[in-house]
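Structure first, commentary second.
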Amino acid sequence: MRYIFLYCIGIEACIFEFINFITAEANNWCHRDYRKTVTPEDVLAAMASLGFGDYIKPLIVFLNKHRAHQDLERGSMNQQFIIRRDANNGGFDHHQQPQGAHM
């Protein structure tokens, strides 16, 4: 039982370091645009720039579904936010899209 506890502490430390690593880079992306608030797009750009690009597509799908679910809970389906990669600077942009429109 003691080894399981120590193993879990090791995993927790790795997760903590990973989150700090990604967050620090996302904060850099935010500062480049002279902003103080880190957005999900900053986190996606940070992950891509740090070599975690394989996780971007699933995270974009999750983020879009999460935002759609939030809109449903608020009773506002007038606009949907779509995340897509910005080809100009390697970052990610969110775009408002009217309901029913497809990108």
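The values are calculated or read from the model by the stated rules, or taken from the named source; none is laboratory data. As the structure is a computational prediction, the values presented were derived from the model and not from experiment. Keep in mind that these areas ignore ligands, DNA and RNA; they rest on the heavy atoms of the full protein, side chains included. Shrake-Rupley method; radii C 1.70, N 1.55, O 1.52, S 1.80 Å.
The table that follows gives values for the structure above.
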{"item": "Largest-first ordering by accessible area, 1.4 Å probe, given options Val43, Val61", "result": "Val61, Val43"}
{"item": "Equivalent ellipsoid semi-axes - Cα gyration tensor, the range 8-59, angstrom", "result": "21, 14, 8"}
